[in-house]
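Everything below concerns the one structure shown next.
Laboratory data are not the source of any read-out in this text; all were calculated from the coordinates shown. Keep in mind the model is a prediction, meaning the values are calculated, not measured. Methodologically, a virtual Cβ is constructed for each residue, glycine included, from the backbone with ideal geometry; neighbour enumeration extends over all protein chains shown.
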Amino acid sequence: MRWSFTILRVAGTDVKIHVTFLLLLVWIGIIYYWQGGPAAAISGLVFILLIFASVLLHEFGHVAAARRYGIETPDITLLPIGGVARLKRMPDDPKQELVVALAGPAVNVAIAAILFLIVGQMADPEALAQPGAAALLAQVLTVNVMLVLFNLLPAFPMDGGRVLRAFLAMRMSYVRATSVAARIGQGMAFLFGFVGLFTNPFLVFIALFVYLGATQESAASQMRDVTETLPLSEAMVTHFRTLPPSATLADAADALLHTHQHDFPVVDGAGIVLGILTRDDLITALRRRGADAPVQEAMRTNIPSIPWWASFAEAFRLMQESHCPALPVTDQHGRLVGLLTPENVGEMIMIHGALRPEEGVSWRRSVRSL
């Protein structure tokens, strides 16, 4: 996620903080300082750190539940509306997704229960109104209860949206369930935004996150449906232009101007991929080295390849993990036979989304027959 940075790594999972989360913490700290000076600011800092810990433990609840089903979690990103644990894949069984989604709020319920017992032993109800450890823990208890209630709202990217999707997926397809849950989330975002215009501007900020989260989740489910139902051979580009190792940057510039390609595979006489020359790398090399420089000086050589019989899902994951602009597809002899690019992946998703399920099946069959 953009505008986030890693602060620590726990059991193979990176913990990241989004810039907006830091802004929220600064805002809370300033409010405490205005209300009571340095002493209140220190108390507020401790309170913020305890909130940070509660949110982080909430996300590690998701991590622990996901690992129970063999799902890795590369990172956790803390946002103003909570945290997001990025799973390498979503659970295939809706019941598993239900467990993973509820694991986070369950951690906050446990924290609140423990704090309730501690606070009950520390002070009587009248003392909770006075500054002190008991009052601070009581505030953290309240925050954890609020985290549970807020995260269980049926809207992405909160846990409640995933809980809703899991229940719906037990009765309909995963894509349809995600679409319904996403629309409910977008509706709630509009409601938050409308109420926030007349009450608290922070609700408008939350509404934006909820709307974007619901939209991204819907797009991700469509992507998952396409990648898991189509073979790579149907998704790859088969008509493209390549460059020989002897080509110059001038030759590459000519190819860029006279084709719709942005990225050009550089292949030897046997059809083996030596590298990929991207449009950005071409422009940079033209400025620095001139038009007569060989393409081998500007091409990327650390580009992975994948055989044509691999699954579309595997190829798409490899393209994302390697951050390559075009993934070479090879035959059994390692020769280039196709390319997988973000553009044709996007086109596949648009076509798949425009067709009804029965039309999609007949379309895929017609493609196979070509």
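Computed values, structure above
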| read-out | value |
| --- | --- |
| Theoretical gain in end-to-end length, Val10 to His323 [0.36 nm per residue, Cα-Cα removed] | 110.2 nm |
| Histogram of C-alpha separations across the chain, 10 Å bin width, % | 5, 18, 24, 21, 16, 10, 5, 1, 0 |
| GNM result for the chain, Cα springs below 10 Å: residue of Phe150, Phe240, Phe192 fluctuating most strongly | Phe240 |
| Cα-based equivalent ellipsoid, the stretch 153-291: semi-axes from gyration tensor eigenvalues, Å | 47, 23, 10 |
| Within the stretch 1-78, trypsin sites (Lys or Arg not before Pro) in DSSP loop having at most 16 other beta-carbon neighbours inside 10 Å | Arg2 |
| Antiparallel content of DSSP bridges confined to the stretch 4-152, in %, to 5 | 75 percent |
| Candidates Asp93, Asp268, Asp254, ranked by Gaussian network fluctuation over the chain, Cα under 10 Å, top entry | Asp254 |
| Sparse-neighbour loop sites [trypsin sites (Lys or Arg not before Pro); the stretch 156-221; at most 15 other C-beta within 10 Å; DSSP] | Arg171 |
| Whole-Å semi-axes of the stretch 233-369's equivalent ellipsoid (Cα gyration tensor) | 30, 16, 13 |
| Choice from Ala11, Ala135, Ala291 with maximal GNM fluctuation in the chain (Cα, 10 Å cutoff) | Ala11 |
| Under-5 Å amide H pairs with Val15, H placed in peptide plane, nonlocal only | Ile7, Leu8, Arg9, Val10, Ile76 |
| Estimated 222 nm signal from helices in the chain, with DSSP H stretches of n ≥ 4 weighted -39500 (n - 2.57), rounded to 500 | -20500 deg cm²/dmol |
| Along each principal axis, Cα extent of the stretch 4-152, largest first, Å | 50, 33, 24 |
